[in-house]
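Notes to accompany the following structure.
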Amino acid sequence: MGIGKFPAVKKYGHIPCSVPLSWEWWIKKDKETDKLYIDFPEYAKDFLENQGIDKEDEVILFCFGGTGAVFIYWVMDVWGYKGMKVYNASKRE
């Protein structure tokens, strides 16, 4: 979000018109088994819809190395979004 600088990133900043959407929203830990699982919180779907992103819009997903962006790609695909593209390792550039 441009507040602090991650060591692998060359400079501080925020991409204008970008929307923060973290893969960490979906990863939960079961308190009894201590295992990780994926949860699809409804508030995240509402969050996306409230950003004015149409399911056919081109959306460029980015993160430090690509893994987080690919996870969000998968989530958006499950919800019916079709115009996603991953900008691999974009924050490192």
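What follows is calculated from the coordinates using simple rules that are stated; it is not laboratory data. What you see is a predicted model, and the numbers here were worked out from it, not measured in a lab. Ideal geometry is used to build each Cβ from the backbone, glycine not excepted, and the neighbour counts take in all protein chains shown.
Observations, loosely collected:
- Net length available on complete extension from Tyr43 to Ile60 is 4.0 nm, with 0.36 nm assigned per residue and the Cα-Cα distance removed.
- Hits among aspartates and glutamates - C-alpha to C-alpha of Lys35 under 16 Å, sequence gap 8 or more where chains match: Glu24
- Semi-axis lengths (Å, descending) of the ellipsoid that matches the C-alpha gyration tensor of region 23-92: 23, 17, 9
- Relative contact order, percent, region 23-92 [alpha-carbon distance under 8 Å, six or more residues apart]: 30
- Summary of packing: across the peptides 54-60, 38-44, the per-residue average of other C-beta atoms within 10 Å ranks them, highest first, as 54-60, 38-44.
- For Trp25, Trp74, order by how many other beta-carbon atoms lie within 10 Å, fewest first: Trp74, Trp25
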